[in-house]
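These notes are about the structure you will find just below.
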Amino acid sequence: MDTLQLLISGIANGCIYGLIALGFVLIYKASESVNFAQGDMMILGAFLAIALINTNQADLPFLLGLAIAGLSLGLFAYLLDALLLRRVFGQPQLTMVVLTIALGFVLRFIIGAIWGHDPVSLETPVAGQRLDIGGLAIPVIDAVIIATTVVLVALLWLFFARTRLGLAMQASSQNQMAAYYMGIPVKRVVSLVWAMSGVVAAIAGVLFAAKGAVEPSAGLVFGIKAFAAAVIGGLGSLPGALAGGLLIGIMEPFAARHLPSHVAQVSPYALMLLVLILRPSGLFAQVRQKKV
Amino acid sequence: MSKPRFKTRYDDDINRFESGGHRLQYLLLLGLALAAPWLLGSYYTGELSSVLVWSMAGMGVMLLVGHTGQVSLGHAAFMAIGAFTHLALMLRGWHFVPALMTATLVSGISGALLARPILRLSGIYLAIATLALGILVEDLAIVAEPVTGGVRGLIAPPIELFGLTIDRHGTPIAFYYLCLSLVVLVTLAYSNLLRSPTGRSFLAVRDSEISARALGVNVTRTKTLAFALSCAITGLAGALYGHLVQAVNFESFLVIISIALLLQVIVGGLGSIHGAFFGAVVIVVLPQGIAIARDLLSDVGIRVAAFPGLDMAVFALIIIVLMVLEPRGLYGVWLRVRTWFELFPLYRKGLFRRARSYLKTERLK
């Protein structure tokens, strides 16, 4: 029973990692680059939601606050790409990596300057409630996290596989020039992907803040861990990101229980390094032969 | 206005200095560096030593990122290896020089050993793998207590050299000259390396692995060598850093330092030795500048609450502006300014425009 309890908590954590990893994958799919500020965007979403929803703040209804936080982060990410990141379009990948790392620092500073550095958590309608299933006490929030993640991944997968815009996004990531010749407005498509990843980051942030507490500096560590998840799953694969997130989420509580604390702390990164060395393109690889 | 230069011999392409005037400039710079302690006073001499140590670390990163094109987000790990090896040996009674050499060697060898599995990756994946490495070393520094002193870390003993006792606080000027001579040595070796076939093969690998292979460069060997050399220089910088800050523990080499190192060489300008120095100046001068600005503001009555992380945020903003306007960093700005004067009044705006490349996926056929 104990193990099962640990497992469910691990799955819920893993879903949050998976959601942030989804943000990485979205950006990677569209522009073959990595947004190192994803973790900080998640924290920004969490703090926005807290500012809108908590009773000592704006005190809006939960779902309304959630929607506003999600949409404003989406808009923020769209504008970020349209106004700033688009300017380095066509330059080496490293430029984008460095730009987003720097953005992460700036975001972290701004969040800290506005909301302070104390951990805060989000008030939810389901706080403290538990579901009792066959002797297992599952926090309702864990169930909500798992359900939200499953629905979101399914929606995104359908979006990429079935809609015109999803196909356009895939096309512009595979060959920008060819996509442009086919009449796809590549730049706008990339900005839209950023907006989507912003919304996903906000949702992840809200779930994270509802389960525990957030502080501005959590973004870096969480971002790196979620990144490990995305890499383990294979950057570029949506189900892979979720699987990688789950793997890390489940591994963590068990490692913390059965291994010495130093080993447990670094286990996600050790796993990532192992996967990178043995299977460089992740467990759900999409890479085949790279041609000249 | 300078006279037009014509190359009349093949050696002109690989000469270290383009002309006599060029050589004179560097001699002047060296003279200035030698005279600095008398011009600046002991506090700023200490800061200058700090610039030199970061320049050294920057050169290590530059060799790998700027000249071989392999991105590393975990170089603080090798600074840690260098610092801990060096200090642990010195605390066991070794002399400064052999301890320093052993530390450099150990960092280089560990770099070479790690290079084989890691350098099979490229681009973003390589950056991530090195990032993971940086995080692992953070915890390894606690676990390997007999060498690293565990959570408490190690305290640097004073350096005994040529009958002198050199200590960063006791004799800052002697410490400065020690750093300066090591940095000059490494810089000379670095610029010589770039003139040699090995250095040329680094550049070839950076610009196109496929063409390099076609020209007969052993890409794996070249990358491994670059990684090892880069780690050795960074390890040397780490050992000096140990003496600079006097005490190191696992917190001295957090992953954030690795990231800052990468950002440092990018601010300075990738692909030039100058860049490592420019970046180090920014890294050291910026916090000082912000502190001075804060004091000035509070003098006129504006209270700037001490925002934690302000230094890093300002640094990040500089990076963002540079990335958008001049991706080759401060060295690029310097080149433009110099060319503007050299060509006056004929400078054209598009002279340094870079070719854009359009993305093709690496994931699918």
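What follows draws every value from the coordinates through simple rules; no lab data is involved. Please read all numbers here as calculations on a predicted model, not as lab measurements. For neighbour counting, all protein chains shown are included, and Cβ atoms are generated from backbone atoms with ideal geometry for every residue, glycine included.
Look at the dipole of the protein assembly as shown built from charges on Cβ: of B:PRO157, A:ALA67, A:GLN57, the Cα furthest out on the positive end belongs to A:ALA67.
Pairwise Cα distances in the protein assembly as shown exceed 31 Å for 56 percent of all pairs.
Spatially close Lys pairs in chain B, defined by Cα atoms under 29 Å apart and a spacing of eight or more places or different chains, total 4.
For the stretch B:161-234, which chymotrypsin sites (Phe, Trp or Tyr not before Pro) are in a loop by DSSP, counting at most 11 other Cβ atoms within 10 Å? Qualifying residues, ordered by number: B:PHE162. Could you compute the net charge surrounding B:GLY242? Neighbours are other residues with a C-beta less than 15 Å from the C-beta of B:GLY242; K and R count +1, D and E count -1. Combined, the nearby Lys, Arg, Asp and Glu give +1.
Using a cut-off of 14 Å between beta-carbons, work out the net charge of the residues near B:LEU188 (Lys and Arg +1, Asp and Glu -1, B:LEU188 not included).
With Lys, Arg at +1 and Asp, Glu at -1, the neighbours total +3.
Relative to one another, the C-alpha centroids of the stretch A:1-30 and the stretch A:87-149 are positioned 12 Å apart. When only Cα pairs below 8 angstrom with a gap of at least 6 residues are kept, chain B shows a relative contact order of 28 percent. For the peptide B:113-122, the mean number of other protein chain Cβ atoms found within 10 angstrom of a residue's Cβ is 2. Near A:ARG130, the amide H atoms lying under 5 Å from its own belong to A:VAL140; only residues 5 or more places off or on other chains count, and H is placed 1.01 Å from N. One equal scatterer on each Cα of the stretch A:106-214, no solvent, Debye formula: the resulting log10 I(q)/I(0) at q = 0.19, 0.20, 0.24 Å⁻¹ is -1.00, -1.04, -1.23. The convex hull of the Cα atoms of the stretch B:80-194, projected and averaged over all directions, covers 9.1 nm². Once you sort the root eigenvalues of the Cα gyration tensor of the stretch A:188-280 as a ≥ b ≥ c, which label holds: rounded (a/c under 1.5), prolate (a/b larger than b/c) or oblate (the other case)? Taking the square roots of the gyration eigenvalues as a ≥ b ≥ c, the stretch A:188-280 is oblate. Per-residue Karplus couplings for the stretch B:137-150, computed as 6.51 cos²θ - 1.76 cosθ + 1.60 with θ equal to phi - 60°, are listed in order as 5, 3, 6, 4, 5, 7, 5, 7, 4, x, 8, 9, x, x Hz, Gly and Pro entered as x. The tail of the calculated P(r) for chain B beyond 39 Å holds 18 percent of all Cα-Cα pairs.
Rounded, prolate or oblate: which one fits the stretch A:2-218, using the alpha carbon gyration tensor with axes a ≥ b ≥ c (rounded when a/c is under 1.5, else prolate when a/b beats b/c, else oblate)? It is prolate, given that a/c is not under 1.5 and a/b is the larger ratio.
When a/c reaches 1.5 or more, the comparison of a/b and b/c decides; with that in mind, is the stretch B:1-99 rounded, prolate or oblate per its Cα gyration tensor? Here the stretch B:1-99 falls in the oblate category. Scanning residues 5 or more positions from B:ALA247 or on other chains, those with amide H under 5 Å from its amide H are B:ALA156, with H placed 1.01 Å from N in the peptide plane. The Cβ shell under 10 Å around A:TYR269 holds other residues with a net charge of -1, Lys and Arg each +1, Asp and Glu each -1.
Any idea what % of Cα-Cα pairs in the stretch B:149-269 are farther than 21 Å? Write down the numbers at each step before the final one.
Numbers: 4033 of 7260 pairs.
Summing the P(r) tail past 21 Å for the stretch B:149-269 gives 56 percent.
Per residue, the average separation of C-alpha pairs within less than 8 Å and at least 6 apart gives the stretch B:132-210 a relative contact order of 9 percent. Cross-link partners of A:LYS187 among aspartates and glutamates, defined as those whose alpha carbon lies under 18 angstrom from its own and excluding same-chain residues fewer than eight positions apart: A:GLU32, A:ASP81.
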